[in-house]
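Trainee: One structure, pasted below without further comment.
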Amino acid sequence: MTLARFIVREGRLSPPKARLFRACWGFLGLLTTLQMIGWGYTDARGGGFFVSPWLPSLLAVPAWLHPGIIAAMGASALAVMVGFRASLFAALFGLSMWYVLLVDYFAFHHGWVLMALSFPLLALFGRRGGGGEALTTADCAVFGFKALLSLVYLFAAINKLDADFLSGIVLERLLMWSPLSQNAALMSALAWGSLAAEAFLAVALWIPKLRRVAFLVGLGLHLGIPLLSQAGLLFHLYFLTGYLLFVSEPGGSAPVLRYPEASAARWLERLDWLGQVDWRAGSGPLTWEAGGAPVSGTWRVGVALAGRLVVAHPVSLTVAWFYGVYAIDFSRDALFYLLASGWSSAA
Amino acid sequence: MTGERLRIGGLALFLGGVLLLGARPFVPGLNTLWPGCAIGAWNMYRSRVDARLLTSVRDGDREVYFSGGEAIWHNAFILTAHGDLRPDLVEQFAEFLSRGSLARAAADGQGYSPDAEVVVELVYRVNNQPEVRLEARRRLAPAEPR
């Protein structure tokens, strides 16, 4: 297989999946912006003392530009999310994030760097080029996105190849709220475990046979770190959302759901962006066929459908839950900050 | 075919850049790009950093502590989550605070003399190394006329 064919195979997304991913990533961009506002970044930047030495001329930027850029990021993320000129606004979001990083580069967050690197790629998701079997710009962008996530795992693992980290003292600090942190052997084992998990994920996400295990390992890692260290989860949501790019399309193996044309199931079909179920409208009763004996009846089919969702998409369900939690949490923080900081009086 | 090569070239350029950023801490000489800053290095939680940052306005015997750490996003130079511990920025930070509104707000209404100073104290320990204590002082700049 040539390199181009490999990139096409790994980088080709169905249009519904591409739209879903863009909406999710746009939503994460919006959460990131709300987090910046809620944590006071608009006011709290270190000023000219922390500006990149490369860009002295940017020191003279007008005072309104910084909060203005952050407002533009929020609007851009929203536009990406709803699919309004998504490519243009994804590029604008990426550029804005690079502005923040370059002008105030000590103020960075690892998650912001991921946003700055990923949004320009997202801007290219809609570029089709030749189409068909030919390599397109969109294929390269999706492939680059997946490779970026793998490289982050790889470098995170390489950076943990450190005697101090592997001795467990870093985790002891993070877990100091728990009595378990006093168990040096356990802390060292956890340190080795996190290194192994990251190294595994860097590779296993690309291997179809290991992908399902990789999703579960990733779910454990990305929930375990924030829950154990009592830190924020947004950085981890980036990765769990990124797994969507690695999810295989079920193709012909999807379970069949037959439903009467007039039933509410047709609305559910529209929500199945990933094509996890083969929906077939007809005149017969509601029936679920997944290899064994067909199941009929609204409740039984509902349970089967929910079961399919839980088994096939534990990561998606977790991500959806935290999307909801964070949307409320970050909006509230941002609103409180804006009200408390007197933006209204300043205006 | 030319378009295909261009696309693969663009992808290689992007991934090469990501690799370059990630490799900075390990390759001597490469770290002149954003020196000391961990952008793209993905070195989350590599070291255990225990740090206390204290900021105050002092005038003779009087002192008022304030939350100067709020002026640094994510407390970037003293945080375990980041690999870029930068205690050398304490002096710059004191300079910044001496001109900013946070310190003046702490001093407001206290009748401070022109000799009032902003004091930044950073006490930190990395892994099992000995504790380090740094202090920087700058004279508090007068408020700008409105």
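Trainee: Could you order B:91, B:4, A:133 so the one with the most accessible surface comes first? Probe is 1.4 Å. Kindly include the intermediate steps, with their values, before the conclusion.
Mentor: Numbers: B:91 85, B:4 40, A:133 140 Å².
Accessible-area ranking of B:91, B:4, A:133, largest first: A:133, B:91, B:4.
Trainee: Follow-up. Count the net charge of all other residues whose Cβ sits under 15 Å from the Cβ of residue A:283, scoring Lys and Arg as +1 and Asp and Glu as -1.
Mentor: For residues surrounding residue A:283, the net value is +2.
Trainee: How much solvent-accessible surface does residue A:150 expose, in Å² to the nearest 10, with a 1.4 Å probe and all protein chains in place?
Mentor: Ignoring ligands and nucleic acids, residue A:150 comes out at about 10 Å².
Trainee: Please report the orientation-averaged projected area of chain A, defined via the convex hull of its C-alpha atoms, in nm².
Mentor: Computing the convex hull of the Cα atoms and averaging its projections yields 23.1 nm².
Trainee: Take the Cα of residue A:228, step 7 Å along the line toward its Cβ, and report every residue of region A:182-214 whose backbone nitrogen sits under 13 Å from that point.
Mentor: In region A:182-214, the label zone of residue A:228 (backbone N under 13 Å from the point 7 Å along Cα→Cβ) covers A:182-198.
Trainee: Over the whole of A:110-120, what's the average partner chain Cβ count within 10 Å per residue? Rounded to a whole number, please.
Mentor: Averaged over the peptide's residues, the number is 3.
Trainee: Output needed: percent of Cα pairs per 10 Å distance bin for region A:286-333, bins running from 0 to the one holding the longest distance.
Mentor: Once binned at 10 Å, the Cα pair distances of region A:286-333 give 24, 33, 23, 14, 6, 0.
Trainee: While we're on this one: Can you tell me the orientation of helix A:86-103 relative to chain A, as the angle in degrees between its alpha-carbon axis and the longest Cα principal axis, to the nearest 10?
Mentor: Taking Cα atoms only, the helix is inclined about 30 degrees.
Trainee: Please report, in whole Å, how far the alpha carbons of region A:265-347 spread along each principal axis, starting with the longest.
Mentor: 66, 25, 21
Trainee: Additional query: Which lysines have a Cα less than 19 Å from the Cα of residue A:146, not counting those fewer than 8 places away in the same chain?
Mentor: Within the straight-line limit of under 19 Å, residue A:146 reaches these lysines: A:17, A:209.
Trainee: Which angle between 0 and 90 degrees, to the nearest 10, do you get for helix A:208-229 versus the longest principal axis of chain A when only C-alpha atoms count?
Mentor: Once rounded, one gets 40 degrees.
Trainee: Also: So how much accessible area does residue A:328 have, in Å² to the nearest 10, using a 1.4 Å probe?
Mentor: So the heavy atoms of residue A:328 present about 120 Å² to solvent.
Trainee: Follow-up question, since we're still on this one. Can you give the net charge of the other residues whose Cβ lies under 13 Å from the Cβ of residue B:18, counting K and R as +1 and D and E as -1?
Mentor: So the environment of residue B:18 carries a net charge of +2.
Trainee: Using only the alpha carbons, work out the radius of gyration and Dmax of region A:251-309 in angstrom.
Mentor: Answer for region A:251-309, Rg first and Dmax second: 10.4, 26 Å.
Trainee: Suppose all protein chains stay in the model; what accessible area per residue would a 1.4 Å probe give for chain A, in Å²?
Mentor: On the way: 15720 Å² over 347 residues.
Dividing the accessible area of chain A by its residue count gives 45 Å².
Trainee: Over region A:251-309, what percent of the accessible surface lies on carbon and sulfur atoms, probe 1.4 Å?
Mentor: Taking all protein chains in place, region A:251-309 shows 61 percent carbon and sulfur surface.
Trainee: Okay, next question. Could you tell me the total accessible area buried at the A-B interface, probe 1.4 Å, in square angstrom to the nearest hundred? Let's see the in-between values first.
Mentor: Details: alone 18070 and 9920 Å², together 23220 Å².
The buried area between A and B, both sides summed, comes to about 4800 Å².
Trainee: Compute the signed sum of charges (Lys and Arg +1, Asp and Glu -1) over the other residues within less than 13 Å, Cβ to Cβ, of residue A:243.
Mentor: Here the charged neighbours net out to +4.
Trainee: Another question, if that's okay. Among all stretches of chain A without exposed trypsin sites (Lys or Arg not before Pro) (DSSP loop, at most 14 other Cβ atoms within 10 Å), which one is longest? Write down the numbers at each step before the final one.
Mentor: Details: sites that count: A:85, A:127, A:128.
Formally, the longest exposed-site-free interval is A:129-347.
Trainee: According to a simple spin-label model (label point 7 Å from Cα along Cα-to-Cβ), what is the distance in nm between residue A:192 and residue B:105?
Mentor: 4.9 nm
The values are calculated or read from the model by the stated rules, or taken from the named source; none is laboratory data. Source: prediction; values computed, not measured. Positions of Cβ are generated from backbone atoms using ideal geometry, with glycine treated the same way; all protein chains shown enter the neighbour counts. Accessible surface is based on the protein model in full, side chains and every heavy atom, while ligands, DNA and RNA are left aside. Shrake-Rupley method; radii C 1.70, N 1.55, O 1.52, S 1.80 Å.
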